[in-house]
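Take a look at the structure below.
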């Protein structure tokens, strides 16, 4: 009976719990913070779209879900980038190198892992940027024939020093040259968008920049698929854009969670299925969903 239960609930047997040592910390403007955690077992199983559930402080029983930004299965580390906007994440931001955190993960259904169209378009907004970086690194390692474009948007300073891109991107206004250095080093095209007036960035929403590229670049629609993570208004705009242009699209939802392992059903969303509407749990049925099916 136990084996049958595991087959019916594929998330069982894949989620680990460990005390992870903090091996790097950085703090950025806009209450943005970065952690590198030493957790080999979790790092070895994490996939693009996975998240971890962190215990922010020993005196705070409720954990916080954090998207995975990068992993090294070989070296055993895992990176998260988050914004402190509440009590728990505020406590997490006070933790220092050498301390340990209780980490549960990896959790969740990932983005597709193979059979990509030639021109994946990755759209990340705010704290939705980390999963896009994880996916971009996965594409670099496993799908060398594709040419992804990564568009990132933020209304607070980006948690990296943007630099002028050396990669030409037809369909992007010529004055929009700001790029993420790590992606440039990987030879992956990226562009930044903001309403905050940052130098070299597209002045507008990241979804407006996506629309401009999709409609003016000359790239064949059949070659494009969209992957996105970010705040709900941004994801709704991505949904509309994908539907309008008839593009396949996967989105990773952000949701408050209690247990994060499917037990409490406190993070449900409405999803259209072959059998009609159903309530799905963002934690284990997602966080990645087909954009055309989820009601947000």
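Structure above, values below:
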{"read-out": "The chain - mean residue ellipticity at 222 nm from DSSP helices (-39,500 (n - 2.57) per run, n ≥ 4, rounded to 500)", "value": "-6000 deg cm²/dmol"}
{"read-out": "For segment 119-252, convex hull of alpha carbons as volume per residue, Å³", "value": "96 Å³"}
{"read-out": "Relative contact order (%) - the chain, alpha-carbon pairs under 8 angstrom, separation at least six", "value": "16 percent"}
{"read-out": "Contact order normalised by residue count of segment 15-108, Cα under 8 Å, 6+ apart, percent", "value": "41 percent"}
{"read-out": "Exposure proxy order (Cβ contacts within 10 Å, fewest to most) of 60, 81, 139", "value": "60, 81, 139"}
{"read-out": "Highest to lowest packing among 35-41, 109-115, scored as the average C-beta count within 10 Å", "value": "35-41, 109-115"}
{"read-out": "Protection proxy ranking of 42-52, 190-200 - average other beta-carbon atoms within 10 Å, highest first", "value": "42-52, 190-200"}
{"read-out": "Of all DSSP beta bridges in segment 108-255, antiparallel share, percent nearest 5", "value": "10 percent"}
{"read-out": "Expected-Rg normalisation [2.2 N^0.38 Å, Cα atoms] applied to the chain", "value": "0.98"}
{"read-out": "Pair residue 273, residue 24: separation of 7 Å Cα→Cβ label points (nm)", "value": "4.1 nm"}
{"read-out": "Sequence of 79, 185 once ranked by neighbouring C-beta atoms within 10 Å, starting from the fewest", "value": "185, 79"}
{"read-out": "Counting DSSP beta bridges with both ends in the chain, the antiparallel % (nearest 5)", "value": "65 percent"}
{"read-out": "Tail fraction, Cα-Cα pairs, segment 243-296, threshold 12 Å, whole percent", "value": "63 percent"}
{"read-out": "P(r) of segment 27-91 over all Cα-Cα pairs, binned every 5 Å from zero, in whole percent", "value": "4, 18, 26, 23, 18, 10, 2"}
{"read-out": "Exposure proxy order (Cβ contacts within 10 Å, fewest to most) of 87, 33, 187", "value": "187, 87, 33"}
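Values in this text are rule-based calculations from the coordinates and carry no lab data. Fair warning: this is a prediction, and the values are worked out from it, not measured in the lab. Note: ideal-geometry Cβ built from the backbone for every residue, glycine included; neighbour counts use all protein chains shown.
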